[in-house]
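The values are calculated or read from the model by the stated rules, or taken from the named source; none is laboratory data. Only a predicted model underlies this, so the values are computations on that prediction, with no experimental measurement involved. Cβ placement follows ideal geometry from the backbone for every residue including glycine, while neighbour counts extend to all protein chains displayed. Accessible surface is based on the protein model in full, side chains and every heavy atom, while ligands, DNA and RNA are left aside. Shrake-Rupley method; radii C 1.70, N 1.55, O 1.52, S 1.80 Å.
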Amino acid sequence: MSRLIHLNGPPGVGKSTLARRYVADHPGTLNCDVDVLRSLVGGWEADFVGAGALIRPAALAMIEAYLGTGQDVVLPQMLIRPTELARFEGAASAANAEFVERFVMDERDAVVARFHRRGDSDPAPWHRQVREIVAGQGGDEHLLRCHDALERLLAERPQAVAIVSRDGAVEATYRALLDSLAPSPG
């Protein structure tokens, strides 16, 4: 059975890094990074949020179609609203695939610090837009609200598993992700 592996978590915690690493080690797996897809929409630089609204239905269709081939998909995307989460879970269900939730989390204050350092070593072209959006929604307080909302959502999702992501510990975080996805013995 194919799997939609949703890597949820606050901005800058390492979801995209883990997704890139996972697909590099698992040939045939699709990395459906919605932020990358946004950058394929003309005018995304001026309207990052609007580009996301335009590309999300395409991402859902792509996920469902790809899962239908029997291959896995990794989705590194912060989703806090249960209605949005349900849309992606529904795409997995429609493809008769398993929906696997992993919350990539760090401590509250660490999340803020990591966000501000985000992109220092690998600046994606959309990091400036994300910084502007976060600043417009309250800056550090917004990041803390997102973290808290994700913690609450995690508590409400019995099948979800938290993966501890500490700054600079990419290998340990990746190993924890792999261990969480391994079949249970017996």
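In segment 97-117 there is at least one residue matching the filter, namely being of a type in the set (Gly, Ala, Ser) and touching a strand residue (DSSP E or B) at 6+ places or on another chain (Cβ under 9 Å).
Just so you know, in segment 10-34 the residues that are in a loop (DSSP other than H, G, I, E, B) and in contact with a Phe, Trp or Tyr (Cβ under 6 Å, 6 or more places away or on another chain) include one that is modelled with the lowest pLDDT, and it is GLY12. Pairing each residue of segment 48-70 that is over 12 Å from ASN96 (Cα atoms) with any residue that is open to solvent by 20 Å² or more (accessible area, probe 1.4 Å) and among the β-branched types (Val, Ile, Thr), provided the two are 6+ apart or on different chains, yields C-beta distances under 6 Å for ALA51/VAL41; LEU54/VAL41; ILE55/VAL41.
Residues in segment 30-67 that are charged (D, E, K, R), closer than 17 Å to VAL134 by Cβ and over 16 Å from the mean Cα position of the chain (by Cα): GLU45, ASP47.
Go through LEU37, LEU79 for me and flag whichever is open to solvent by less than 20 Å² (accessible area, probe 1.4 Å), in contact with a helix residue (DSSP H, G or I) (Cβ under 9 Å, 6 or more places away or on another chain) and either farther than 18 Å from LEU177 by Cβ or not in a helix (DSSP H, G or I) (or both). Answer to the check: LEU79. Here GLU45 fulfils each of the conditions (1) of a type in the set (D, E, K, R); (2) open to solvent by 70 Å² or more (accessible area, probe 1.4 Å); (3) within 24 Å of SER2 (Cβ to Cβ) apart from (3). Restricting the first member to segment 140-162 and to residues that are touching a residue at least 24 places away in the same chain (Cβ under 8 Å), and the second to residues that are hydroxyl-bearing (Ser, Thr, Tyr), the beta-carbon pairs closer than 6 Å and six or more apart or on different chains are VAL161/SER180.
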